[in-house]
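The block underneath contains the structure these notes are about, expressed in structure tokens.
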Amino acid sequence: QKEVEQDPGPLSVPEGAIVSLNCTYSNSAFQYFMWYRQYSRKGPELLMYTYSSGNKEDGRFTAQVDKSSKYISLFIRDSQPSDSATYLCAMSVGFQKLVFGTGTRLLVSP
Amino acid sequence: NAGVTQTPKFQVLKTGQSMTLQCAQDMNHNSMYWYRQDPGMGLRLIYYSASEGTTDKGEVPNGYNVSRLNKREFSLRLESAAPSQTSVYFCASSAVADSYNEQFFGPGTRLTVL
């Protein structure tokens, strides 16, 4: 069993929809939780970062961490075609070694 | 400010050949990382360097060696390439080793081993 599980998708939604992306994990020692966005044939870029449990909002994006359920989510409101990308969750115990999910491919159609 | 650069962008090798992937960052970051990305496996850490002069193994180090040449440069070497090393390789860097810092990724090197 992988430490971090993520549905690979693809997830197809119409423009303007609310998107929910999720990851589950097995290591209760994870403290740092991140979402990266990766466009086709590009390197990942950090979208959201959360320490421990709780919610964090940045514009149309909201990250949630539920450590009791070992479950993290990324919500995208008013999704745009430019949001079409692969979204990778990542988490770590300390500061160095990130463990990534496999990524969910999101397609937002106009 | 180029961020993280990687060379080459593409490479095709035959089994048993060797090559070095180059990575450089111009953000004065202390920590650097090498990942590989495979379908269905996500990004996996090969090696990392918390600071100049140190290197440590990640999740999948077998078949690879690294050199932290100086603060800017971190290279990844395949001594005897195998088809299982066909992958996309990403280099990343972050500011400091003793607190959380965003990892900035390069554009990747697509390697095919025949």
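Values quoted throughout were computed directly from the atomic coordinates according to the rules given, and no laboratory measurement underlies them. Fair warning: this is a prediction, and the values are worked out from it, not measured in the lab. Here Cβ is always computed from backbone atoms with ideal geometry, including for glycine, and neighbour counts include all displayed protein chains.
The figures follow:
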read-out: B:48, A:25 arranged by Cβ crowding within 10 Å, fewest neighbours leading; value: A:25, B:48
read-out: Cross-link pairs beyond the 20 Å C-alpha cut-off, checked among A:42/B:9; A:2/A:56; A:42/B:14; A:42/B:57; value: A:2/A:56; A:42/B:14; A:42/B:57
read-out: Relative contact order for the stretch A:55-94, counting Cα pairs under 8 Å that sit 6 or more residues apart, in percent; value: 27 percent
read-out: Residues listed by number, the stretch B:1-24, amide nitrogen under 20 Å from residue B:69 label point at 7 Å toward C-beta; value: B:1-12, B:18-24
read-out: Shape of the protein assembly as shown, Cα gyration tensor, a/c cut at 1.5; value: prolate
read-out: Sequence of B:20, A:62, A:102 once ranked by neighbouring C-beta atoms within 10 Å, starting from the fewest; value: B:20, A:62, A:102
read-out: Sites residue A:29 and residue B:41 - FRET efficiency at Förster radius 30 Å, r taken between beta-carbons, to 0.05; value: 0.85
read-out: Length-normalised contact order of chain A in % [C-alpha pairs under 8 Å, at least 6 apart]; value: 37 percent
read-out: Inter-probe distance in nm under a simple model that places probes 7 Å from Cα toward Cβ, at residue A:67 and residue B:27; value: 2.6 nm
read-out: Principal semi-axes in Å for chain B [√(5λ), Cα gyration tensor, largest first]; value: 23, 14, 13
read-out: Sequence-separation-based contact order of chain B, relative, with Cα cut under 8 Å and 6+ spacing, percent; value: 36 percent
read-out: Shielding of B:30-43 by partner chains, average beta-carbon count, 10 Å; value: 4
read-out: Sorted by Cβ neighbour density within 10 Å, fewest at the top, the residues B:110, A:77; value: A:77, B:110
